[in-house]
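Here's the structure we're looking at; comments come further down.
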Amino acid sequence: MRSNIVLLLVLVFNYADCVFFDNFTFDHMIPIASGKVQLWNETDQDKLKKDLFVNYDRFSRPTEHFNTTKVNFGVSILHLETDERRSTVTIHAWMRMVWYDQKLKWKEEDYGNISVLRIADHELWHPDLYLYNSASGGEPLLRFGLSHALVYPNGEVLHVPPLKQTVLCEFDLRNWPFDTQSCELKYGSWVHHGQEIELGLYNNEAHIDLSDLLLHNSWKITDTSAAIASTKYVCCPEAYYDIKFTFRMARNPNPYSSVVIAPSVG
């Protein structure tokens, strides 16, 4: 009697295994032309991302070592805060960066005509750009986890991360409260010389974008410019690129200052 029960249980379990295997094979997996088996819920975007990032090293510059990576860079200031006592200006901005990643190319027709991928910033290689004249003494540009980048079939990467940075700015208060001040934002790679990373201007715009700037009660930005330089440092034989963004601010004196100071002028 006991042996019959054991035999019956074995038959039941074998039948259950066969049913599960058949269901998993036909309902959960889809054969594809290459001979590989694709999960039933894998989208074209999933497959594309998986294929692109196989053995991808986000710490390695995405081209041959003898090639140069061109990075076009721009700044769009949204808001600024001044601290005249500490001689600093804090900017809230969008940084605009474009470069080509030779490892992230695909044919649209092979992946359901996907024309763009949105990839988290911590998954990609990024140029190691720093704010050279940061008030904190050399501040990295990126804060990973804040945004995504757009990646296109030809390998173009567009990243527009939001940033808050504080820069040293020497205030000249001799003409206060009718003074104007000039400040600079100087960016460059920390370890890659000009033969590895070449910097250019985003959309060839030699100025700071102020189209989204919030009005400031105390200051008004009157002029901006941008310039690229190549500099050799004592440490290294190669030259390093940097981009310097300059903006001039004019103070908006409040009525009390005008009343008190104006009689003393002249």
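The values are calculated or read from the model by the stated rules, or taken from the named source; none is laboratory data. A quick note: this is a predicted structure, and the numbers were derived from the prediction, not measured. With ideal geometry, Cβ positions are generated from the backbone for all residues, glycine too; neighbour counts draw on all protein chains shown.
Summary table below
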item	result
Residue match in the stretch 210-232 (condition: farther than 15 Å from residue 98 by Cβ, assigned to a strand (DSSP E or B) and within 19 Å of the chain's Cα centre (by Cα))	no
Residues located in the stretch 91-139, provided they are assigned to a loop (DSSP other than H, G, I, E, B), of a type in the set (A, V, I, L, M) and surrounded by 14 or more Cβ atoms within 10 Å (Cβ to Cβ)	104, 114, 124, 135
Count - residues of the stretch 146-196 that are at pLDDT below 90, among the hydroxyl-bearing types (Ser, Thr, Tyr) and farther than 18 Å from residue 242 by Cβ	2
Count - residues of the stretch 195-218 that are more than 20 Å from residue 90 (Cβ to Cβ), buried (at least 16 other Cβ atoms within 10 Å of the Cβ) and not charged (D, E, K, R)	5
Qualifying positions in the stretch 40-60 - farther than 18 Å from residue 111 by Cβ and surrounded by 11 or more Cβ atoms within 10 Å (Cβ to Cβ)	58
Every residue from the stretch 155-194 that is under 30 Å from residue 117 (Cα atoms) and loosely packed, with under 15 Cβ neighbours inside 10 Å	162, 164, 190, 191
Selection within the stretch 64-89 - in contact with a strand residue (DSSP E or B) (Cβ under 6 Å, 6 or more places away or on another chain) and part of a loop (DSSP other than H, G, I, E, B)	68
Of residues in the stretch 96-112 being within 17 Å of the chain's Cα centre (by Cα) and of a type in the set (A, V, I, L, M, F, W, C), the one nearest to residue 208 (Cα to Cα)	97
